[in-house]
Amino acid sequence: MSDDDLESGVRRDREDENEVKVEDEATEHNPTSTRDRDRYRRPLLLWGGTVGFGLGAVVDVIVFHLILQTHHLLSGTYDPYSYDGLRTNVMVDGLFLAVMLAVAVVGAAMLWRTVNRARRRLSGLYTIGAVVLGAGVFNVFDGIGSHYVLDLHNVVHGTESWNPHWVVVSVVLLVLGGLLVRIATPTRVDGV
């Protein structure tokens, strides 16, 4: 190999380095660049989904377990119409509520951290999509896992007729969240 070949190889390497630096600088200032979008995609999806999973469970417990007083977590095992069975169900519902509230708070804290560390304004639509997706994941898990596979409880005590409706609504939430995440970009472009 001659000195000219070595020199031209070094020149090419320097040119490649300069191109990479220019590309990095362009990416840093372009909120629509693929690299910039991908930087926030996973954390927003993960932590937004965690918030949604926790909030989906919290809403479930508050509305169905406490207000409507149906759908207790272990009503398939402990009769909610007996005093001891109701006490056990309410206690387990309360513990479940505390755990899911903690999941939502941890998700919200990590989501807040992600948003505050970002050098760009992040998309609210993408984040809302991640939260709805997380709520859908919880409800599908509850609908299929708790109602059918584990047979822990039904949507309404004593009848399975509402279980398919629960799964359908859960899948709709899942699809809606997935669509929002798919159509939105993690970084804001048009103020959306």
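The values are calculated or read from the model by the stated rules, or taken from the named source; none is laboratory data. Since this is a predicted model, take the numbers as computed values, not measurements. Every residue, glycine among them, receives a Cβ derived from its backbone with ideal geometry; neighbour counts consider all protein chains shown.
Exactly one condition in (1) within 11 Å of the chain's Cα centre (by Cα); (2) crowded, with 19+ Cβ neighbours inside 10 Å is not met by ILE128; state its number.
Unmet for ILE128, out of (1) within 11 Å of the chain's Cα centre (by Cα); (2) crowded, with 19+ Cβ neighbours inside 10 Å: (2).
Only one of (1) in contact with a helix residue (DSSP H, G or I) (Cβ under 6 Å, 6 or more places away or on another chain); (2) under 23 Å from THR88 (Cα atoms) is not met by THR159, so which one is it?
The one condition THR159 does not meet is (1).
Taking interchain pairs and intrachain pairs at least six residues apart, which have beta carbon atoms under 8 angstrom, with the first residue in the range 138-153 and modelled with pLDDT of 90 or more and the second surrounded by 14 or more Cβ atoms within 10 Å (Cβ to Cβ) and acidic (Asp, Glu)?
Cβ pairs passing all conditions: PHE138/ASP60; ASN139/ASP60; ASP142/ASP60.
Can you go through ALA109, ALA57, ALA102, ALA98 and tell me which one is modelled with pLDDT of 95 or more and crowded, with 18+ Cβ neighbours inside 10 Å?
ALA57
Cβ contacts < 8 Å: first residue on the phi > 0 side of the Ramachandran plot, restricted to the range 65-93; second residue surrounded by 15 or more Cβ atoms within 10 Å (Cβ to Cβ) and of a type in the set (Asp, Glu), any location; separation 6+ or different chain. Result?
HIS71/ASP60
If you take the residues of the range 154-168 that are in contact (Cβ under 8 Å) with a residue 24 or more places away in the chain and assigned to a loop (DSSP other than H, G, I, E, B), which of them is surrounded by the fewest Cβ atoms within 10 Å (Cβ to Cβ)?
If we take residues in the range 154-168 being in contact (Cβ under 8 Å) with a residue 24 or more places away in the chain and assigned to a loop (DSSP other than H, G, I, E, B), then HIS157 is surrounded by the fewest Cβ atoms within 10 Å (Cβ to Cβ).
Filter the range 62-102 for residues that are within 22 Å of the chain's Cα centre (by Cα) and within 18 Å of LEU150 (Cα to Cα) and give the result.
Listed by number, the list holds a single entry, PHE96.
Looking at ARG182 and the list (1) surrounded by 15 or more Cβ atoms within 10 Å (Cβ to Cβ); (2) more than 26 Å from VAL99 (Cα to Cα), which single condition is not satisfied?
Of (1) surrounded by 15 or more Cβ atoms within 10 Å (Cβ to Cβ); (2) more than 26 Å from VAL99 (Cα to Cα), only one is false for ARG182: (1).
Does VAL175 qualify as being assigned to a helix (DSSP H, G or I) and surrounded by 15 or more Cβ atoms within 10 Å (Cβ to Cβ)?
When the stated conditions are applied, VAL175 does not pass them.
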